[in-house]
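The values are calculated or read from the model by the stated rules, or taken from the named source; none is laboratory data. Because the structure is a prediction, the values reported are computed rather than measured. Heads up, the Cβs are rebuilt from the backbone with ideal geometry, glycines too, and the neighbour counts pull from every protein chain shown. Note: accessible area is taken over every heavy atom of the protein model, side chains too, but ligands, DNA and RNA are not part of it. Shrake-Rupley method; radii C 1.70, N 1.55, O 1.52, S 1.80 Å.
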Amino acid sequence: MSRLTWPHVFKDTRASHHLWLFPLVAGGVWFITLSILLIRWFAIGQPRYPGQVNPDVPFISDIAAFTFKPVFVTGCTIVGVAFAGTVFAVHHVRYSPEFYGLVSDAPWRQFTSFAALVAGLAAAFNLFFLSVYDTVDAHVRHRYLLMGTFAGLGLSAILTTAVWWDQIWGPPRWAGLRKWCLFNTFLVVCQMGIGVSFVVFMYTGRYRISGFLEWTLTYLGCFWLLSFIGYTKFREGEDPKPPTEAERRPLLASED
């Protein structure tokens, strides 16, 4: 049995039962931030901003650079901090004796957990500076930070999916966990496909399609973050019960 690193570094406290608040705040605030920007754009007549290359719908950065920038910076700051807490919480509960306590987990999964945490922290760091440098005269810097944010989020999502994959295909050990893992994995697959398409269309100059893809991708991210509530919600007394003898008996068995 490999020596676990997570429990030796991070100890459980009473606050550990409230780790689900991190994904709730991250997903909720991100949804509110995006909606404020989009509703504001519709409310003022769908203007075309200076430097906007998308003829139909502006990129998020186009609206944020000229309208409600303090809202965007504040929202990204809160989401960045909450996302960092979410990534930590999702991987901490896997090894925590107070939660799932997978003490016999494979060493590669433990290493992957740390890698996912590092990638998530990098994404949160890039997201904050992405909002700060979302200005008209910082297009190049903004694009690098945007790609850094997407890369960190994508890597963290893929690695997290790999760590929790055993809870999808293995026998169920905790009530309700598998459905959350399946839902989260489905969202990851959708976001990866949309994210790659967004980058391809943006760098090939097809800005109209890439604009719609960006808004779709970011709104899907809200639900992806919220799905982690199902991982981190405290599950005391919710372990599945073994089937009874009556449940094991075939339905069509002949009666004596």
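Worth a mention:
- Test: Ser104 is among the small types (Gly, Ala, Ser), surrounded by 17 or more Cβ atoms within 10 Å (Cβ to Cβ) and more than 20 Å from the chain's Cα centre (by Cα): no
- Residue check for Val140: under 22 Å from Phe72 (Cα atoms) and either touching a helix residue (DSSP H, G or I) at 6+ places or on another chain (Cβ under 6 Å) or surrounded by fewer than 16 Cβ atoms within 10 Å (Cβ to Cβ) (or both): yes
- Apart from one condition, Leu146 fits all of (1) in contact (Cβ under 8 Å) with a residue 40 or more places away in the chain; (2) open to solvent by 50 Å² or more (accessible area, probe 1.4 Å); the exception is (2).
- Total residues in the stretch 25-63 satisfying the condition of being open to solvent by 60 Å² or more (accessible area, probe 1.4 Å), free of Cβ contacts under 8 Å to residues at least 40 places away in the same chain and outside any helix (DSSP H, G or I): the figure is 3.
- Hey, Phe66 surrounded by 15 or more Cβ atoms within 10 Å (Cβ to Cβ), in contact with a Cys (Cβ under 8 Å, 6 or more places away or on another chain) and not aliphatic (A, V, I, L, M) or not: no
- Checked against the criterion of being open to solvent by 50 Å² or more (accessible area, probe 1.4 Å), at pLDDT 95 or above and closer than 27 Å to Ala116 by Cβ, the stretch 238-247 contains not a single residue that satisfies it.
- Here Val132 qualifies as closer than 29 Å to Pro58 by Cβ, open to solvent by 10 Å² or more (accessible area, probe 1.4 Å) and among the aliphatic types (A, V, I, L, M).
- Lone qualifier among Ala123, Ala162, Ala119, Ala151 - being in contact with a Ser or Thr (Cβ under 7 Å, 6 or more places away or on another chain), among the aliphatic types (A, V, I, L, M), surrounded by fewer than 17 Cβ atoms within 10 Å (Cβ to Cβ) and modelled with pLDDT of 90 or more: Ala162
- Qualifying residues in the stretch 99-109 (those that are in contact (Cβ under 8 Å) with a residue 24 or more places away in the chain and in contact with a helix residue (DSSP H, G or I) (Cβ under 6 Å, 6 or more places away or on another chain)) - the one nearest to Leu130 (Cα to Cα): Arg109
- When the stretch 216-237 is filtered for residues that are at pLDDT 50 or above and assigned to a loop (DSSP other than H, G, I, E, B), the ones remaining, listed by number, are Phe228, Lys233, Phe234, Arg235, Glu236.
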